[in-house]
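Remarks on the structure that follows.
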Amino acid sequence: MRAGDELPPLEVPITRTLIVAGAIASRDYQDVHHDAELARQKGSPDIFMNILTTNGLVGRYITDHFGPTAVLRKVAIRLGAPNYPGDTMVLTGRVEEVDGATATVRVTGANGIGKHVTGTVTVTMSEGPA
């Protein structure tokens, strides 16, 4: 792994099931993540993904690339355009810095209306089980 390395993109279909399941799994019972009518009443065109689901998808993207010995040390993300059902989010990454077995990766997740998530992830490659 070297600074400048690009990670292959990951396409994530945004389904109602993914949005609702992510909200339930993270114990986020806000109605905008599961009730389309209440979400519309609050000004959103539909339900939308919560930040905890996005955080999990970013973590998955990094660990899928770096493998089972990868340990996430820091995830610093910011949300932008919402992820609505029926869209696809494409995660991309670029290694920004490498220090020994630790890398900082800049991650972007874009959907049909813009950048959903941007940020950095610090990941360390462990040497495996002792």
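The values are calculated or read from the model by the stated rules, or taken from the named source; none is laboratory data. Since this is a predicted model, take the numbers as computed values, not measurements. Ideal geometry is used to build each Cβ from the backbone, glycine not excepted, and the neighbour counts take in all protein chains shown. Areas reflect the complete protein model, heavy atoms only, side chains present, ligands, DNA and RNA absent. Shrake-Rupley method; radii C 1.70, N 1.55, O 1.52, S 1.80 Å.
Can you tell me which residue within segment 1-23, out of those that are among the hydrophobic types (A, V, I, L, M, F, W, C) and modelled with pLDDT under 95, is most open to solvent (accessible area, probe 1.4 Å)? This residue is M1.
Table: residues versus (1) in contact with a Ser or Thr (Cβ under 6 Å, 6 or more places away or on another chain); (2) β-branched (V, I, T).
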{"position": "P9", "(1), (2)": "yes, no"}
{"position": "I14", "(1), (2)": "no, yes"}
{"position": "A21", "(1), (2)": "no, no"}
{"position": "Y29", "(1), (2)": "no, no"}
{"position": "A36", "(1), (2)": "no, no"}
{"position": "G43", "(1), (2)": "no, no"}
{"position": "T53", "(1), (2)": "no, yes"}
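Screening the candidates T63, T54, T92, T118 for the property of being open to solvent by less than 20 Å² (accessible area, probe 1.4 Å) and either hydroxyl-bearing (S, T, Y) or at positive phi (or both) yields one hit, T54. Counting residues in segment 92-103 that are within 13 Å of the chain's Cα centre (by Cα) and in a strand (DSSP E or B) gives one or more. Can you name the condition, by its number, that P68 falls short on among (1) open to solvent by 30 Å² or more (accessible area, probe 1.4 Å); (2) out of contact with any helix residue (DSSP H, G or I) (no Cβ under 6 Å at 6 or more places or on another chain); (3) touching a residue at least 24 places away in the same chain (Cβ under 8 Å)? The single condition P68 does not satisfy is (3).
Within the span defined as segment 64-71, every residue fails to be under 12 Å from the mean Cα position of the chain (by Cα) and either among the aliphatic types (A, V, I, L, M) or more than 30 Å from S126 (Cβ to Cβ) (or both). What number of residues within segment 32-51 are assigned to a loop (DSSP other than H, G, I, E, B), touching a Phe, Trp or Tyr at 6+ places or on another chain (Cβ under 9 Å) and surrounded by 14 or more Cβ atoms within 10 Å (Cβ to Cβ)? Looking only at that region, the number is 5. I'm trying to understand the selection: among the residues of segment 15-40, which are over 10 Å from T53 (Cβ atoms) and in contact (Cβ under 8 Å) with a residue 60 or more places away in the chain? Scanning segment 15-40 gives T15, R16. Any idea which residue in segment 102-115 is farthest from T69 (Cα to Cα), counting only those that are among the hydrophobic types (A, V, I, L, M, F, W, C) and either open to solvent by less than 30 Å² (accessible area, probe 1.4 Å) or at pLDDT below 95 (or both)? Only one residue tops the list, namely V107.
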